[in-house]
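Take this structure, written in structure tokens, and hold onto it; I'll ask about it next.
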Amino acid sequence: MTTKTSQQYIGKLAVLYQGQGDSLPFQQLAERLGVPLYQPLNNDSQEDFFLSWRDGCLKLLDTVGATGRSHLQKGGLAVDIEPRNGEQRSWPAPKDGALARALGRKTRTVVDATTGWGQDSLHIFRMGYDLLCIERSPVMAELLTDGFARLAQQDWMQRLNLEPPRLIQGNAIDLLADLEVQPDCIYLDPMFPPKRKKSALAKKSMMVLRDLLGDDQDKEQLFEAALNAAGKRVVVKSPDYAEPLGGKPSQSFQGKLLRYDVYLKG
Ligand SMILES: C[S@@+](CC[C@H](N)C(=O)[O-])C[C@H]1O[C@@H](n2cnc3c(N)ncnc32)[C@H](O)[C@@H]1O
């Protein structure tokens, strides 16, 4: 993974070291992201988010909703590498369900241009597609790198001699134009504004992502870049209340409270 140092997290995010082993990886992480390292948590800190290794995972901890600025929410969020509920625990898992139908029967290679927490990417990977992941947020890219490294250590991955998906950190609007190999399918799941201010149904991980990164304002440009770069199709995941991102889709597949809009190339 290549990571650009970013100023965008100053005052919003810090790395937290609480005496858990070697502090060097924490220092290096803070340097890569250009954010402060606290050891331990400073009571006057202004940041809403902290990155720290806990229970063998890099975790994003938030203070949002906690009492007092420096009180961390319990638990924290890491990239979850376990199959989703109902997903078959074999590799490759059967290509069924709305996502597989949207990706298409003849698709072999997929670029997920909005990887986020990697949940769709990992589902796509477990179904056996050849996958490249792109994520523009350096923080999410760090969390994904940690998750993919944990994935590489899984028994089943090693038994089957599988490599985790490749990850590139950067803006997909630029990166898609320079892909070495044209993928069959480009998958997009940009952040749409919520229907209501705080949806009770929104997952905690997505609420945190929105608080950290905001909505993706340039999704129309991303769609155009994807349409230019894809070999056969672009798939856009949308909340069911949102208008289709690229106008009338060629096909649409309904999931639970969401839609996969498919744009086939001529
Ligand atoms: C709604 S989340 C994706 C969630 C993901 N599908 C999952 O299963 O966890 C959107 C993500 O896309 C990323 N993103 C949006 N526009 C992007 C772009 N132009 N290039 C790269 N990443 C982008 C955001 O930083 C954010 O992490």
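The values are calculated or read from the model by the stated rules, or taken from the named source; none is laboratory data. The structure presented is a predicted model; accordingly, all values stated were derived computationally and were not measured. Note: ideal-geometry Cβ built from the backbone for every residue, glycine included; neighbour counts use all protein chains shown.
Yes/no per residue for (1) within 21 Å of the chain's Cα centre (by Cα); (2) charged (D, E, K, R); (3) assigned by TED's automatic domain parsing to the domain that holds residue 168:
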residue: 28; (1), (2), (3): no, no, no
residue: 91; (1), (2), (3): no, no, no
residue: 121; (1), (2), (3): yes, no, yes
residue: 136; (1), (2), (3): yes, yes, yes
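Looking only at the range 15-41, which residues are acidic (Asp, Glu) and at pLDDT below 95?
22 - this is the single residue of the range 15-41 that is acidic (Asp, Glu) and at pLDDT below 95.
For the range 240-251, check the following and say yes or no: at least one residue is of a type in the set (S, T, N, Q) and farther than 28 Å from residue 48 by Cβ.
Yes - at least one qualifying residue is present in the range 240-251.
Additional query: Given the condition over 20 Å from the mean Cα position of the chain (by Cα) and either within 14 Å of the ligand (Cβ to nearest atom) or within 18 Å of residue 136 (Cα to Cα) (or both), answer yes or no: does some residue in the range 206-218 qualify?
Scanning the range 206-218, I find no residue that is over 20 Å from the mean Cα position of the chain (by Cα) and either within 14 Å of the ligand (Cβ to nearest atom) or within 18 Å of residue 136 (Cα to Cα) (or both), so the answer is no.
Within 13 Å of the ligand (Cβ to nearest atom), assigned by TED's automatic domain parsing to the domain that holds residue 108 and within 21 Å of residue 232 (Cβ to Cβ): does that describe residue 189?
Criteria met by residue 189.
Another question about this same structure. Scan the range 213-227 for residues that are modelled with pLDDT of 95 or more and of a type outside the set (Lys, Arg) and report the count.
The number of residues fulfilling the criteria is 9.
Return a yes/no flag: does the range 121-139 have any residue that is touching a residue at least 60 places away in the same chain (Cβ under 8 Å), of a type outside the set (Lys, Arg), out of contact with any Leu (no Cβ under 7 Å at 6 or more places or on another chain) and surrounded by 14 or more Cβ atoms within 10 Å (Cβ to Cβ).
no
Limited to the range 88-141, what total is found for residues that are modelled with pLDDT under 95, touching a helix residue (DSSP H, G or I) at 6+ places or on another chain (Cβ under 7 Å) and closer than 26 Å to residue 192 by Cα?
Result for the range 88-141: 0.
Residues in the range 90-139 that are of a type in the set (A, V, I, L, M), within 9 Å of the ligand (Cβ to nearest atom) and under 21 Å from residue 252 (Cβ atoms): how many?
The number of residues fulfilling the criteria is 1.
Among the residues of the range 25-54, write down those that are of a type in the set (D, E, K, R) and crowded, with 16+ Cβ neighbours inside 10 Å.
Within the range 25-54, 32, 47, 48 meet the criteria.
Conditions first: (1) of a type in the set (A, V, I, L, M); (2) at pLDDT 95 or above; (3) within 14 Å of the ligand (Cβ to nearest atom). Residue 230 passes all but one, so which condition is the exception?
(3)
Which residues, taken from the range 220-239, are among the acidic types (Asp, Glu) and under 20 Å from the mean Cα position of the chain (by Cα)?
Once the filter is applied, which keeps residues that are among the acidic types (Asp, Glu) and under 20 Å from the mean Cα position of the chain (by Cα), the range 220-239 yields only 220.
May I ask you to list the residues in the range 168-185 that are of a type outside the set (Asp, Glu) and within 11 Å of the ligand (Cβ to nearest atom)?
If the condition is that a residue be of a type outside the set (Asp, Glu) and within 11 Å of the ligand (Cβ to nearest atom), then 168, 169, 170, 171, 172, 173, 175, 176 are the ones that fit.
Pick out the one residue from 113, 149, 177, 172 that is closer than 20 Å to residue 15 by Cα and either buried (at least 23 other Cβ atoms within 10 Å of the Cβ) or small (Gly, Ala, Ser) (or both).
One residue alone meets the criteria, 149.
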